[in-house]
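I have placed the structure first, in the form of structure tokens, so that the comments after it can refer back to it.
The values are calculated or read from the model by the stated rules, or taken from the named source; none is laboratory data. Treat the numbers as computed from the prediction; the structure is a model and nothing was measured. Backbone-built Cβ (ideal geometry, glycine too); neighbour counts: all protein chains shown. The accessibility values were calculated without ligands, DNA or RNA, using every heavy atom of the protein model including side chains. Shrake-Rupley method; radii C 1.70, N 1.55, O 1.52, S 1.80 Å.
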Amino acid sequence: MADTVETLKQYGLNTICRSALCPNQGECLACGTATFLILGDQCTRNCTFCAVSKGAPLPPDPDEPEKLAQAVAALKLRHVVITSVTRDDLPDGGAGHFAATLRALHRNVPAATTEVLTPDFCGQEQAIDTVIAAEPDVYNHNVETVARLYDLVRPQAKYNRSLDLLTHVKEKAPGIYTKSGLMVGLGEEFSEVVALLQDLRVAGCDLLTIGQYLQPSPHHLPVTRFITPEEFVAYKEAAVQAGFVHVESGPFVRSSYRAHELFTLIGAGAYDSGHGSKFGYSDER
Ligand code: SF4
């Protein structure tokens, strides 16, 4: 772990693992997975559950994509997740920087599988297409909570806009796995979550994570309720029944939790690999 922290410092890189104080850091790193936070650590939005700093972001670092790819090579990571704060201050929302980072990874560590966890780019299809064209293996966009709680939890986002993004990715690039995640314990009803799962499946979403919301500080949204292990099992069963290919559901589950496992399972033939990626993309990346 210490080496990883040292390497990240050496390359001047942020991980959401560290800035969000994720409880799974040790396990993920041991499995060769980390989630990099690109485009700085200042977000232009103000979600009430999120510990990321809000404020005026700095311009993107043009060297970040190459530095990140070199750090991944140095850390011998197998699965790389790239996420960012929301950059509503940039014309393309940072999509070009995501694409440049993916291309640097494909060049420097072609064996690593890649996953992007993007903002909603204000629904700009051109921005989404820019990221798709750089061929991530997994395209993740979190819906975070049920439609009724959007104004409270993520006031600058829109429920249907997030679903439309996932729908667009699946229509434009059926070979990419799409993924989403939500937190529970914010006051949602079981039936509302089941309705959300249906909406995600209609959007063609393949992969899902469900975790307990934990209040990062007294200034953030309070936890309404701690969801029981039995309820997490019930959510997983409802998601599998709805047709999700892979579901992680549990108190400490986060967006990239066990993200690499999907490819282990595909490698073992557990899932149909007709989804492209290392199992079918062209090499012209
Ligand atoms: S947009 Fe993302 S990084 Fe920004 S406040 Fe919301 S959850 Fe946090």
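Listing for the model above:
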{"read-out": "Nitroxide proxy distance, nm - points 7 Å out along Cα→Cβ at D129 and E237", "value": "4.5 nm"}
{"read-out": "Model label zone, C122; criterion: amide N under 20 Å from point 7 Å along Cα-to-beta-carbon; scope the stretch 71-85", "value": "84-85"}
{"read-out": "Spin-label model distance (nm) - K172 vs V5, 7 Å beyond Cα toward Cβ", "value": "3.9 nm"}
{"read-out": "Two-decimal Rg to Rh for the chain - Kirkwood Rh, Cα set", "value": "0.93"}
{"read-out": "Gained length - F252 relative to R201, 0.36 nm times residue gap less alpha-carbon distance", "value": "16.0 nm"}
{"read-out": "Charged-residue dipole, Cβ positions (Lys, Arg, Asp, Glu), the chain about Cα centre, Debye nearest 20", "value": "320 debye"}
{"read-out": "Surface accessible to a 1.4 Å probe, per residue, for the residues of the stretch 2-267, Å²", "value": "41 Å²"}
{"read-out": "More than 19 Å apart - percent of Cα-Cα pairs taken over the stretch 94-201", "value": "46 percent"}
{"read-out": "Helix-only mean residue ellipticity at 222 nm for the chain, each DSSP H run of n ≥ 4 adding -39500 (n - 2.57), per residue, nearest 500", "value": "-11000 deg cm²/dmol"}
{"read-out": "Entries of K54/K170; K54/K158; K54/K236; K9/K179 with Cα pairs more than 25 Å apart", "value": "K54/K170; K54/K236; K9/K179"}
{"read-out": "Sequence-separation-based contact order of the chain, relative, with Cα cut under 8 Å and 6+ spacing, percent", "value": "16 percent"}
{"read-out": "Accessible carbon and sulfur surface of the stretch 2-267 relative to its total accessible area, %, 1.4 Å", "value": "56 percent"}
{"read-out": "Global geometry of the stretch 31-74, whether rounded, prolate or oblate, following the gyration tensor of its Cα atoms and the 1.5 cut on a/c", "value": "oblate"}
